[in-house]
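Student: Take a look at this one; I'll ask things after.
Please treat every number below as a calculation from the coordinates, not as lab data. Remember, predicted model here, so these are calculated numbers, not experimental data. Heads up, the Cβs are rebuilt from the backbone with ideal geometry, glycines too, and the neighbour counts pull from every protein chain shown.
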Amino acid sequence: MTGPAPLFPVRPDAPDGEFTLRDLLRLVAKHGWVVLVCLLAGGLVGAGIYAIQKPVYASVARVWVKTEQGSPSFLSGVTAYREPLYPDPVNRRIETEMELMLTRTSAAQVVRNLKVRPEQLPSTPLAQLIAASGLVAAKPASDGAASNRLIDDFLKAVSVEPLRSKTADTTSNILEVRFEASDPALAPQALSQLISNYLGVAATQNRQLGEEAARLLGAEVEQARGELMALDAQIVALASRPPPRAAAEEGSGKRARSERGERGERSSERRSRRENTFAGAPVGNEQALAALKTQTVEMQAELDALRELYTDDAENVRTLRRRLEAMQRRLAEGLSASVQAVSSLGSLERQRALAQDRYNEVQKKLDQIKLYLRLNPSDAESRVIVDAPSRPLDDEGKKRVVVALIGPVAGLLLGLLLAGLRELSDQRLQSRRDVRQALGLPVLGALPRLPAGERRRLAGEAR
């Protein structure tokens, strides 16, 4: 058994406060012209911004950082390089290299050398639109502020990142440096100078340290050479110094000849010649000392022979005894002086050996530093340019395509916003929910809205 059919079909109402897809479609259909106008306006604005954009040209270079190579140690005495006892982590070393490449001083030098202008650097599409339209007048800025802003824009155009490994979740020791500019000729030049400044930081520091070390070691070499020459002079002077003469011999030759006989005179003359022969011999000369010993022995034998013929009180015996005593004193002094000379000579030779070792060591260090300074700095550095900065072609300029898409999307959202505002400002009751929200009464039935063609047909029949 079925009940009576309802006069008006009952449709389930949507819960209060819920915005459904049907409401959105009804809103778009009702205010479609507003949404369409906003969509077209946004599309035109996006197309205009895309058209006035300056193409961006990118230059890419790659630098290999040798993390395992040591730094120069000029005063080590072993080699021109040293290995650190506790090496830094690779990631920290790479981060340091990246920061060194993006120093503000290096960027300012590149901007100054190449005379970079603001229009040669990439800017945001909005800034380009404002500059092209001339709606906002640029505020005059001082030279310092303009230069700082230009350097900031230059640094924003540079990106440095390590290359990702293709086989593992890690990074390599190769840094990829990328520079973007609106001028295709500026991009490789600026990137090349930026990398050159980066490579020159460590090279300049090492070269300055090497030059300072070479200057210091050069002074040390001259000082060591002077000490060595002074010791050589002392050794030569000591080896060539004559022995002291016996004071008792002075003035005794004439007195002896007047008192001794013919035989004694001939013997005395022979002894005098022998004594004078070795009187000027150097101290420490073994031949001179041996001759003195021989002469002393001969004089002793001659004294013994005279004592056989004369008494001890004889003048010739006493004279010969005095000469023998003088000769013995001279021999003792010569032996003592020889021992002292040998000791002094040994001490000087040891000092000279130490001075020679010091001179050789300092000279070796100086030769190593001079060899390093004669090398090309790039040959001894731990940074190598793997790929030189690439030169972009004129047709490789890229624009931001997303700008052309943002315009229509923004226009669509603006149209929906305006349609929603128009709907909120409309006070007419056009649905069951409008009646229920406005009057708080349930809707028992609703007359459907006749289409415009049906209304015109019924109006014609009524006539």
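Student: If you count, for each residue, the other Cβ atoms within 10 Å and average over each peptide, how do 32-44, 144-156 line up from highest to lowest? Could you put the intermediate results ahead of the total?
Tutor: Values: 32-44: 16.2, 144-156: 14.5.
Ranked from most to least packed, the peptides come out as 32-44, 144-156.
Student: Per 0.36 nm of contour for each residue apart, how much would the distance between Leu40 and Glu454 grow if the chain were fully extended, relative to their Cα-Cα spacing?
Tutor: 145.7 nm
Student: Now for a different question. If you count, for each residue, the other Cβ atoms within 10 Å and average over each peptide, how do 103-112, 436-445, 300-309 line up from highest to lowest?
Tutor: With the highest mean Cβ count within 10 Å placed first, the list reads 103-112, 300-309, 436-445.
Student: Among 225-236, 329-340, what's the highest-first ranking by average C-beta atoms within 10 angstrom per residue?
Tutor: Details: 225-236: 14.0, 329-340: 15.8.
So the peptides 225-236, 329-340, ranked by packing, come out 329-340, 225-236.
Student: Between their Cα atoms, which of Lys54/Lys166; Lys66/Lys115; Lys54/Lys115; Lys66/Lys370 are more than 26 Å away from each other?
Tutor: Values: Lys54/Lys166 34 Å; Lys66/Lys115 33 Å; Lys54/Lys115 20 Å; Lys66/Lys370 24 Å.
Lys54/Lys166; Lys66/Lys115, as the Cα separations exceed 26 Å there.
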